[in-house]
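The values are calculated or read from the model by the stated rules, or taken from the named source; none is laboratory data. Being a predicted model, the structure only gives us computed values, none of them experimental. Reconstructed Cβ throughout: ideal geometry from the backbone, glycine too, with neighbour counts over all protein chains shown.
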């Protein structure tokens, strides 16, 4: 299993727009074979950092998701929404593997 960790720098004046964007993606990732663990919005501390975590059985499964996502109309609309609202300033993506007891 691999978990994708996304760290977003967001516009703190567009939290509602980013939260809407986040709610668009959770069912999309799940529909396309991943397990979304949620978005984490600013609460205390930095007001412009948000996180997302979602997992796939393997890196190959994630790569298949990326191909499907690039052609999926709902995914393309979610990307377009973020672009229109400019709620995301930047993001960085890392992949991790979980360690359990």
Quiz prompt | Count of residues meeting criterion [in contact with a helix residue (DSSP H, G or I) (Cβ under 7 Å, 6 or more places away or on another chain) and either within 14 Å of residue 29 (Cα to Cα) or not in a loop (DSSP other than H, G, I, E, B) (or both)] in the range 73-94 | solution = 7
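Go through 39, 5, 21, 65 for me and flag whichever is in a strand (DSSP E or B), over 13 Å from residue 91 (Cα atoms) and modelled with pLDDT of 95 or more.
Every option except 39 fails the conditions.
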Exercise. Tell me, yes or no, whether the range 52-69 has at least one residue that is within 15 Å of the chain's Cα centre (by Cα), under 16 Å from residue 15 (Cα atoms) and surrounded by 14 or more Cβ atoms within 10 Å (Cβ to Cβ).
Key: yes
Practice problem: Take the range 3-49 and flag every residue that is more than 21 Å from residue 76 (Cα to Cα) and surrounded by 17 or more Cβ atoms within 10 Å (Cβ to Cβ). | Solution: 3
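Kindly provide the set of residues from the range 16-55 that are touching a residue at least 40 places away in the same chain (Cβ under 8 Å) and either closer than 20 Å to residue 84 by Cα or out of contact with any strand residue (DSSP E or B) (no Cβ under 7 Å at 6 or more places or on another chain) (or both), ordered by number.
17, 18, 20, 21, 24, 25, 28, 32, 48, 49, 50 - these are the residues of the range 16-55 that are touching a residue at least 40 places away in the same chain (Cβ under 8 Å) and either closer than 20 Å to residue 84 by Cα or out of contact with any strand residue (DSSP E or B) (no Cβ under 7 Å at 6 or more places or on another chain) (or both).
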